[in-house]
Structure formats: C-alpha cells, structure tokens
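Read through the structure below, which is laid out as structure tokens, and then see the notes.
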Amino acid sequence: MSEIIKNEIPKVLWHAYGTDQLATGVMAYMAGNDVVLDRELFVYDIKGTQAHLLGLCKINMISDKELLQFNVVLDELARLYKNDQFHLDDRFEDGHSAIEFYLTEKLGDLGKKAHTGRSRNDQVLTCLRLYMLDQMTTVKAHAIETIDVLLEMAESHQQTMMPGYTHLQRAMPTTVAVWLLGFVESLLDDVEHLNGVMKLLDASPLGTAAGFGVPLPLARYETAEVMGFSRVQINPVSAQNSRGKYELMCLQSLSYLLLDVRRFAWDLSLFMTSEFDFIQMACSHTTGSSIMPNKNNPDVVELMRASLSVVDGAAHQIQSLLSLPSGYQRDLQLSKEPLLKGIKMTQSTLALLPDLLKVLTFKANNMHKAVTPEMMATDQALHKVKQGQSFRDAYLDSKQDEDLIISAEQSIADRVSLGGAANLGLGLLRERVASL
Ligand code: ARG
C-alpha cells in the first residue's frame, strides 16, 4: 500500500473548509463505518465513475485522451482492490473520496476533474443501484437452482406417499411430490416478484447530482446505457427520494423468498424429529451436540428458518429511517448497513439450499405408515356421492363407517384435477421456470 500512495490523503473531499474546525469525534461520528461498508460497493462505484467520465467526454468536458487516462487508472484501481493491494480503510472518509484521491494521486490535476457535474448523492445512488441489481441477479440464480432441484426431487417422488396435514393434524393422503411442488410454485411467485422489483430498480440515477441536476447538458442516456440500465430515472428529486425506498423494496422482495424458505425449513425440522421420522439429512448438513453423544441436530435448517428475521429486521430499520423530508438527508447513509446485511443473509441462505436438498432422503415406509385409514374418509364420502348420495349425507355416513374401502393408493390415483397427486402440472411449472 505504501508504495502505491505517495501524497497525503485529505480527510474529506470538501477540504477547503478543512476538518480542523470540527469538534473532536464529529468526523468519526459522521463517517461511521461507511468506509468499511463501501468495501462491498467499491467496484460498483468505480464502474459508475467510469460511466460518468464517459458522459463528460460525450459533452466535451474532458477529451478522448483524458477519458482513456482515467479509464486506465480506474481499471488499475479495480484490479488492485480485487487483489487486496488497495485497502479501503479509515484513512478515507468513504469509497467515493478514495476513488477521487486515487485519481488525483495518479493523474494530478486531471484527477480533480472527475467530480465535474456529479454529487456524492447521485454517486452513492448509482453504486447502490448497481450493487442491488447485481446481488438480486445472484439471488435469483440461487432461487432458480433451488426450484430446479425441488422439481427433480418431485419428479422422482410422485408415488412417495405421505400424510397431508391441516392444523398439524392428519388430514388426507398426499405425496412428497405435491408437498415439494408447493414450494416450487411459491418460489416461482417470489422470483417473479423479484423480477418486478429489479425492473423498477433498473433505472439510472446518475446525472441527478445533488437532487437538482446541474447546469450542464449531461449525457444521461449514454451513461445509463454503458452501465447496463434500461432506463433513466428522470426527476432528480424522485431519484433522491428513491434512496432507501428502493433498498426497502429490494429487501422486501428477498423476504418473500425467505418466508417460503422458513416454512420449508419448519417442515423439514418437524419431519426430521423422531416423532415424525419422515426425513433423514446426511451428516454433511447436521451437527452433533457437545454433551449428548446421541444427537444429530438440524442446525443449518434452523438457521435458514431464522434468516428471515435478519432481513425483516433490516427492512424495518430502513422503513423507520424513511420518515424524512424530500431530497438528500445524511440519515440515508444509515440505510446502507441493513441493506448489505439483509442481502448477505439472503445470499448465504439461498446459496446453501440446493445442496442441502440434495442430501435429504425420504423414509417412504414411515411416511406410508402414517397414512392411516381414517384419512380416506373424504374419499369414502365422495365414493358414495358418485353412487348418488348428496355430499352432506355421504359425509355423515362416512363419519360412522367402520370399514373404509378406499385404499391410500386409490386415493392418490384419484387426485386427477390439476395440481393433485395424479396430475401435478409439472410441465406447466417447468414452463413457468423457463419464463423467469
Ligand atoms: N456516505 C454518504 C451517504 O451514504 C455519501 C453521500 C454524502 N452526501 C452528502 N451530501 N453529505 O449518504
């Protein structure tokens, strides 16, 4: 690091005023751990800076040659950063000032042109937007991988019978495939919701500056395009007001995924108890106890169940922050930490889920045994209906019946309406996956 940086690092970008007048602790209070959080955002900030410079070149604020010089240095900075040779730490107020410092360090006076027509307000919006979209794309890929594994499992468990529960009481016979596909369809909904939020976030705030635009003909379409945005966020006040709100939407879209993961994890942890004994999980994903040699615990499943609490907590933290007037307020800086925390939690949970599913084995005999004869009472009633009885009479008769003549196998085979055990709609679900 020492060989890379020669000049003294100014503590703040607005150093005309210096930091000397600031009371002790004020600078540290304002910076908080922003610079540490910016480690996640740094590469996106570099990308946004490159787009901004391209825009400045388009309107002849810098020359083609200068743009090239900027890009060489920014590419180098990104490379050094990725190789752990440039460290973002409390020598800098934040990632933005580190970029500007590095440009000036390497390019001298030219570096001082980089912030022309840009504010840290649209800079931070831009890099957060790029970050969120990138992370949501990864989350989406994990979710689709999970859906694919669940679909495969469902395909091979079309005949694996299990009790269906309502109120956690035995209700009707069903199959493992029906149970698993329940999560597939829910996750499909979640990914579609995620797509919707991503579409909304897919808009460039760059060029809105501090929230009022700038007296320059900025090339907003071009900068949006080079960063891969589909549209431009038009109004500068709206761009500022979307800070925090878009973060909230992002976290909410992740929370739907984790809500379904939570329900699935709940079922797994129940089905893995000795009381149910329906499912076994390989020791690659279970843990022992420090005191009880007999234990084989589903800690991973439980942490997956708990992950939603982190994302919900993060969303709530941002929501309570958003009680603000319009425009930029420094309060918004505090939306960064919960956003990063929520995204990381979602990523780590969903990244592990496909492999966890692959090490589950279903104890088909135990599941079948738990499908007890009284669970066919509805089948019996409907059998009587087919013979001409009204449903209510057949229902009351079947309640008294000692001998239920419909077998569990028959009950499963008869569930022929769409979505039922004998008509799973696998093709339709696969079509929906392909359309995501
Ligand atoms: N760290 C700041 C944030 O996240 C960057 C923007 C600072 N803008 C300002 N006007 N003070 O909001």
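Given the residues Glu275, Glu302, Glu337, which is the only one that is within 16 Å of the ligand (Cβ to nearest atom) and out of contact with any Lys or Arg (no Cβ under 8 Å at 6 or more places or on another chain)?
After ruling out the rest, the residue left standing is Glu337.
Yes/no matrix, rows are residues, columns are (1) part of a helix (DSSP H, G or I); (2) at pLDDT 95 or above; (3) closer than 27 Å to Ser309 by Cα:
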| residue | (1), (2), (3) |
| --- | --- |
| Ala177 | yes, yes, no |
| Val197 | yes, yes, yes |
| Gly207 | no, yes, no |
| Arg262 | yes, yes, yes |
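On the stretch given as region 116-128, residues that are away from the ligand (no atom under 12 Å from the Cβ) and buried (at least 18 other Cβ atoms within 10 Å of the Cβ) total 1. Does Glu66 satisfy being in a helix (DSSP H, G or I) and within 13 Å of the ligand (Cβ to nearest atom)? Spelling it out, it is not the case that Glu66 is in a helix (DSSP H, G or I) and within 13 Å of the ligand (Cβ to nearest atom). Annotation note: Cβ proximity below 9 Å between a residue of region 22-33 that is more than 15 Å from Asp94 (Cβ to Cβ) and free of Cβ contacts under 8 Å to residues at least 12 places away in the same chain and a residue that is within 13 Å of the ligand (Cβ to nearest atom) and not in a loop (DSSP other than H, G, I, E, B) (sequence gap 6+ or interchain) occurs for Leu22/Met30. For region 163-183, which positions are of a type outside the set (Gly, Ala, Ser) and under 32 Å from the mean Cα position of the chain (by Cα)? Residues satisfying the conditions are Tyr165, Thr166, His167, Leu168, Thr174, Thr175, Val176, Val178, Trp179, Leu180, Leu181, Phe183.
Listed conditions (1) at pLDDT 95 or above; (2) not in a helix (DSSP H, G or I) are all met by Ala23, apart from (1).
Please determine whether any residue of region 145-164 is closer than 30 Å to Leu37 by Cα and more than 16 Å from the ligand (Cβ to nearest atom). Yes: region 145-164 contains one or more residues that are closer than 30 Å to Leu37 by Cα and more than 16 Å from the ligand (Cβ to nearest atom). Reported count of residues in region 137-173, each being hydroxyl-bearing (Ser, Thr, Tyr) and under 24 Å from Leu257 (Cβ atoms), is 4.
Residues that are away from the ligand (no atom under 16 Å from the Cβ) and of a type in the set (Phe, Trp, Tyr) do not occur anywhere in region 87-96.
If the condition is being part of a helix (DSSP H, G or I), in contact (Cβ under 8 Å) with a residue 12 or more places away in the chain and either of a type outside the set (Val, Ile, Thr) or surrounded by fewer than 15 Cβ atoms within 10 Å (Cβ to Cβ) (or both), then region 307-326 contributes Ser307, Leu308, Asp312, Gly313, Ala314, Ala315, Gln317, Gln319, Leu321. Here Leu110 clears all of (1) closer than 24 Å to Gln240 by Cβ; (2) in contact with an Asp or Glu (Cβ under 7 Å, 6 or more places away or on another chain) except the condition numbered (1).
The values are calculated or read from the model by the stated rules, or taken from the named source; none is laboratory data. Given the structure is predicted, the values throughout are model-derived calculations rather than measurements. With ideal geometry, Cβ positions are generated from the backbone for all residues, glycine too; neighbour counts draw on all protein chains shown.
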